[in-house]
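Here, each number is a calculation from the coordinates, and none is a lab measurement. A quick note: this is a predicted structure, and the numbers were derived from the prediction, not measured.
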Ligand SMILES: C[S@@+](CC[C@H](N)C(=O)[O-])C[C@H]1O[C@@H](n2cnc3c(N)ncnc32)[C@H](O)[C@@H]1O
């Protein structure tokens, strides 16, 4: 088995690149970072594995000086991003690969979303609207965070055009205070909903059938109360083989490119600041724009 302990990171990277062209799983010997301050740390190996679209399997200790590491290639075809589903409304439905993902189990998502909910003081809200609610994972986390009693005092409304995802969400939240609407977000006004004091939308506003900038402006003007808040989540990642891989994917690039993401995030920040919101940008694999009203 190859021993990489005397190689530089650049040489390790080249070796991995060559080997991964041939094998899907490769094992090698490296310095044990628990006992050698000059060794690459566990986080460095996790990052390197991710950058090569691999999973790092649990390391095996040979001795205090050496360990065996194994990189296993992710199946890049196992991804909802490349999945073809005829009915566009069901791209994220119960039968889709997307439905098997649980964002709430990803620390970089969970902690950033939790922070955003705390910043907007979720437990003080009366009327929460979620656009692109899907199976209502975002409501689930609110329930866990503030407890059932506080959760039941807030009205929650979720809109999505996936019939099957909403059926699932309804079974999950049979509560009277939670309502779901099978509707196109573009024509949200037709629903005549009360204005919300918190609008949440994660991974949805950049959808190809939504005209992001005018839509965001009309959302704020027509569907948010005067002192309402927003939490917008923008994916800076892709799901591959059920792993969350850092970096936004842009059309025409075969590597992560973030211009579109930054453009949309900065548009939201500038627009909301003009409308007298305090705006923060946080997160990592999901970027959160969190906006709360500045009161004089
Ligand atoms: C990428 S998923 C995100 C779902 C959920 N917010 C999450 O992060 O897990 C986008 C969701 O928006 C819905 N969606 C996209 N465009 C829509 C539209 N024009 N009208 C209604 N729902 C839409 C999809 O069906 C899907 O459930």
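Classify region 219-289 as rounded, prolate or oblate from the Cα gyration tensor: take a ≥ b ≥ c as the square roots of its eigenvalues, call it rounded if a/c is under 1.5, otherwise prolate when a/b beats b/c and oblate if not.
prolate
Relative contact order for the chain: what percent, with Cα pairs under 8 Å and sequence separation of 6 or more?
With pairs under 8 Å counted, the relative contact order is 15 percent.
Roughly how many whole Å is it from the C-alpha centroid of region 105-161 to that of region 218-296?
For region 105-161 versus region 218-296, the Cα centre distance is 17 Å.
Region 1-29 to region 39-80: how many Å between their Cα centroids?
11 Å
Roughly speaking, what is the stretch gain from residue 100 to residue 167, that is 0.36 nm per residue apart minus the C-alpha to C-alpha distance, in nm to one decimal?
Difference between extended and current length: 22.6 nm.
Mind checking the angle between helix 163-172 and the chain's longest principal axis? C-alpha axes, 0 to 90 degrees, to the nearest 10.
So the helix axis and the longest Cα principal axis differ by about 90 degrees.
Taking every alpha carbon pair in region 1-108, what does the distance histogram look like in 10 angstrom bins from 0, in percent?
13, 37, 24, 17, 8, 1
Provide the convex hull volume over Cα atoms per residue for region 54-169, in Å³.
Taking the convex hull of the Cα positions in region 54-169, it is 147 Å³ per residue.
If you split all Cα-Cα distances of region 44-86 into 5 Å bins from zero, what percentages do you get per bin, shortest first?
Each 5 Å bin holds this share of Cα pairs: 6, 20, 19, 17, 13, 9, 6, 5, 3, 1, 1.
Consider just the alpha-carbon atoms of region 81-148 and return their Rg together with their Dmax, both in angstrom.
Rg then Dmax for region 81-148, in Å: 14.2, 42.
Taking the chain on its own, what percent of its Cα-Cα pair distances exceed 28 Å?
Above the 28 Å cut-off, the chain has 46 percent of its Cα pairs.
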